[in-house]
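Heads up, the thing below is written out as structure tokens.
The values are calculated or read from the model by the stated rules, or taken from the named source; none is laboratory data. Keep in mind it's a predicted model, so treat the numbers as computed, not measured. For neighbour counting, all protein chains shown are included, and Cβ atoms are generated from backbone atoms with ideal geometry for every residue, glycine included. Heads up: the accessible areas ignore ligands, DNA and RNA and are worked out on the full protein's heavy atoms, side chains in. Shrake-Rupley method; radii C 1.70, N 1.55, O 1.52, S 1.80 Å.
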Amino acid sequence: MADSAWSAPAYVEAALLEPGDWSAQWITPATGGGIFDPAPVLGTRFDVSDGLVDARLRITALGIFEARINGALVSEDHFAPGWSSYDHRLRYQNYDVTALLQPGENDLEALLGNGWYRGRIASFSLHRGHPYGEKLALLAQLELTFADGRRETIGSDGGWSAGGSRVLANDFYDGQTTDLHLPVRPARDGAVTVVPSPGVELVAPVAPAVRETQTVPAVSTTLTASGRLLVDFGQNVVGWVRLRVRGEAGQRVSVRHAEVLENGELSLRPLRSAKVTDTYILAGTGDAGAAWDAAGGVAGVAGAAGAAGVASVAAELGELLEPNLVFHGFRYIDIDGLNAAEDPATELLSVEAVVLGSDLERTGWFETSSVELNQLHQNVVWGMRGNFLDVPTDCPQRDERLGWTGDIQVFAPTATSLFDVSGFLSSWLADLAADQLPDGTVPAVIPRVFLEEKPLAGWGDAAVIVPWALYEAYGDRAILERQYPSMTRWHDRVTADTTDNLWLGGDQLGDWLDPLAPPDAPAKAQADPDVVASAYYARSIDLLARVAAVLGRHDEAERYERLATGIRAAFNREFVSPEGIVRSDCQTVYALAIRWRLITDADVLALAGQRLRELVDERNFTVATGFLGTPVILDALLDAGQLDAAYAMVLGHEHPSWLYSVDLGATTVWERWDSLLPDGSVNPGEMTSFNHYAFGAVADWMHRVIGGLTPTSPGYRDVSIAPRLGGDLTSASISHLSPFGLIAADWCLNGGVFALALTVPVGVTAAVTLPSGEHHRVTHGEHVFTCDVP
Ligand code: RAM
């Protein structure tokens, strides 16, 4: 076997090992710093002697922070330390800041924003309308190492100072108000108060921070009937808008954000109470400063020009308007306050959308001969980019943006096939375990926000299904080890609610957002909630048995297997007739029963498969499943030998279908099958997001069945390459950056001849099945296969 090439060097560094390694103290402004005061800045000045060789900043906040040394941002991260289960775990960042320090006097400061900690996002009800805490606070520890081995630590303490800033208001839902008219560098002439440590575990992050990942130019700028400048970016994104304007001192410019238009104006109703407005009070000086500081920002003009060049560059480019403590979900913005009607060009010099999200490494790509399917796939990717913003959220735009467990439960396999989410989801799972109630109930959203919690089938099951998806994708047993107690606690809780091995009653969300449910009652699905809950009970116990086996807990594995057998027996007895009719007789119940092998009798299973086919035919191959049925419906059709029906469904255009949204111009996946109604108007339901990844779980099926790549052992050590031809597709390509390297399969169909080009990295074995039924087993290298297709 040939050696592989050397990998690029990897660099690892331990963060702080013990709580006692923190000598810094938590500080907050002694006065001001309240929720209605300008965002505070806390900082210190200190001397650095000659011979500095290394400087590390360890820093976190109650709130979010943006830290600077000598005016320069210490990193390109946004919204650090991110959102964790603040009552238990708080992340801190570690930055190498050696290059930012100079011999002599230095200045270290951090702007604090409300973020998740004190913003409206956290005040749903857990804290009875109040956020996690009333006060923002900072913990910062700068560790200096000198050439002679000397070490010095500068930690936040009562000697630091506090000041206001140009950020007059900031809230994730409502937006940011920035007064560019105020001095660029805030005077830090106030005192700080040392506050008690929040007493939670401080953890180093295991996932990339939120960063700017792309900019998107405007595709059009027009004037609305109401006299605002309307900008279309052509893509629904998550982030903020960067503008350059020229205007008068004191002039107010505000930017509102929305995902869709109605009657030529922003459709703000779907955002509910979120004001999504960034407001700027212009300095009118041609100042190039970003939100609170012009001196040497990483991404700003000042950084390129240097402090001395700022004024002249700025005069040419106008004022830079860009928030830094909020994010929005939008495709369109409108701008108020520029003299748009007269001559917008004199005032709006440039505008672009800045895309923000956790800076995850892309690992999966997929393309076919169908333009619409490719657009759908792209929509899934954009939906993931927008909703993987520090935590996996349901939506990024309205007054919600929460880590709904059910959504990520259904989307996790797709997520692992598109981006490296090993650290991102492991971190979230640690929060899930930390936020689990003493009785084992998994909260509906993680980090926990709601006051009342009850066990919810398909949502709480994230405790088992998400770690399993990570194990399958990355082969890392440690994630199962870490989550095992959380999984078993969840199952003890559910088991306590079961009757004769079935999970009945309770207040379930069920097959949420079934397209046939009334728009204002999304839980009123066709699928019987008892069937759905019991199916999920079986599924999770089945996986739990497998997890126990992987962990070498054989007795427990056997016990869970026996329980799973018992649940299946009860499921058949209670819900499945000898004719293969599953109670409530709709797509979702067959999909769950077939896909998860809940029907044990082969003849009954075959009958159930036929019935599913009939149901799909009756609805002309349109989708009739909600959040829980959708991820399994196409696989169930395949399992039932109905590949043509699965293809007809995924390629269908009639509402409800995936391509219906594509036909209506969607650039992200919608929350409802008809977030836009066929006439182009916005669904009147009070819950209508245009950026929700749950229904995007279909991408996993597309990768496995159309692309043909399925991992068959954890971490892609063994894979199956078995593209299934269908629809009128003539080609597809899939590539996946597995833990072993890039696996790529590229097929095309030409004049009845099928050709497949395959790349397999060292360490991976591929079992190839061609459409002719021919099998091959190959290891690393480039391979080409052809066969005739009848
Ligand atoms: C809404 C959203 C979310 C879903 C919950 C149950 O908030 O649709 O995605 O998980 O309901």
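Counting only protein heavy atoms and using a 1.4 Å probe, the accessible area of Lys524 comes to about 140 Å².
3J(HN,Hα) along segment 69-84, derived from phi through the Karplus expression 6.51 cos²θ - 1.76 cosθ + 1.60 where θ = phi - 60°, amounts to 10, 6, x, 9, 4, 7, 6, 9, 6, 10, 6, 5, x, x, 10, 10 Hz, with x in place of Gly and Pro. Take 691-703, 509-521 and order them by the average number of nearby Cβ atoms within 10 Å per residue, most first; the result is 691-703, 509-521.
Taking Cα centre as origin and charging only the Cβ of basic (Lys, Arg, +1) and acidic (Asp, Glu, -1) residues, the dipole magnitude of segment 693-790 rounds to 220 debye.
Around the amide H of Ser738, modelled in the peptide plane, lie the amide H atoms of Ile743, all under 5 Å away and 5 or more residues distant in sequence or on another chain. Extension gain for the segment Thr779 to Thr221, taken as residue separation times 0.36 nm less the Cα-Cα distance, is 195.5 nm to one decimal. Solvent-accessible area of the chain (1.4 angstrom probe, protein heavy atoms only): carbon and sulfur portion equals 51 percent. Report the calculated FRET efficiency for Ser577 and Val762 (r = Cβ-Cβ distance, R0 = 56 Å), to the nearest 0.05. Calculated transfer efficiency: 0.60. Taking Thr759, Thr60 and ordering them by how much accessible surface each has at a 1.4 Å probe, largest first, produces Thr759, Thr60. Taken about its Cα centre, segment 449-561 carries a charge dipole of roughly 340 debye when the Cβ of each Lys and Arg holds +1 and the Cβ of each Asp and Glu holds -1. Taking amide H as placed 1.01 Å from N in the peptide plane, the amide H of Ser350 sits under 5 Å from that of Arg244, each at least 5 places away or on another chain. Summary value for segment 47-183: 29 percent relative contact order, contacts being C-alpha pairs under 8 angstrom separated by 6+ residues. Using 0.36 nm per residue and subtracting the Cα-Cα separation, the extra length available between Ala755 and Ser350 on full extension is 141.0 nm. Applying the Karplus relation 6.51 cos²θ - 1.76 cosθ + 1.60 with θ = phi - 60° to segment 718-723 yields 3J(HN,Hα) values of 10, 9, 9, 10, 8, x Hz, where x marks Gly and Pro.
Is it possible to state the helix-based mean residue ellipticity at 222 nm for the chain, with each DSSP H run of 4+ residues giving -39500 (n - 2.57), the sum divided by total residues, to the nearest 500 deg cm²/dmol? What is it?
The helix contribution divided over the chain gives -8000 deg cm²/dmol.
Can you work out D for the chain in µm² s⁻¹ from Stokes-Einstein, where Rh is the Kirkwood radius over C-alpha pairs, the temperature is 37 °C and the viscosity is 0.692 mPa s? Approximately 117 µm²/s, per Stokes-Einstein. Each label was represented as a point 7 Å from its Cα along the Cα-to-Cβ direction; for Arg724 and Glu614 these points are 2.2 nm apart. The magnitude of the dipole of the chain, with charges of +1 and -1 set on the Cβ of Lys/Arg and Asp/Glu and taken from the Cα centre, is near 680 debye.
Heavy-atom accessible area, probed at 1.4 angstrom with all protein chains present, ranks Leu112, Leu605, Leu348 as Leu605, Leu348, Leu112, highest first.
Using 0.36 nm per residue of separation minus the Cα-Cα distance, give me the extension gain between Ser731 and His653 in nm, one decimal.
26.1 nm
Computing FRET efficiency as 1/(1 + (r/R0)^6) for Val206 and Asp520, where r is the C-beta to C-beta distance and R0 is 30 Å, gives about 0.15. For the peptides 217-226, 656-665, residues were scored by their other Cβ atoms within 10 Å and the scores averaged per peptide; the highest-first order is 656-665, 217-226. Each of Thr222, Gly626, Ser733 was scored by the projection of its Cα onto the charge dipole of the chain, and the greatest displacement toward the positive side belongs to Gly626; charges sit on the C-beta of Lys, Arg, Asp and Glu.
Taking amide H positions as modeled 1.01 Å from N, with prolines and chain starts lacking one, the residues under 5 Å from Thr712 and 5 or more places away or on another chain are Asp718, Val719, Ser720.
Legend: calculated FRET efficiency, Asn339 to Ile35, from the Cβ-Cβ distance at R0 = 45 Å, rounded to 0.05, equals 0.85.
Can you give the relative contact order of the chain as a percent, counting alpha carbon pairs under 8 Å and 6+ residues apart? It rounds to 10 percent for the chain. In order along segment 667-674, the Karplus-derived 3J(HN,Hα) couplings, from 6.51 cos²θ - 1.76 cosθ + 1.60 at θ = phi - 60°, round to 10, 9, 7, 8, 6, 10, 4, 10 Hz, and Gly and Pro are given as x.
Quick one: Cα centre-to-centre distance for segment 141-192 and segment 365-442, in angstrom? Between the Cα centres of segment 141-192 and segment 365-442 lies a distance of 33 Å.
Restricting to the chain, compute how many DSSP beta bridges are antiparallel as a %, nearest 5.
Close to 95 percent.
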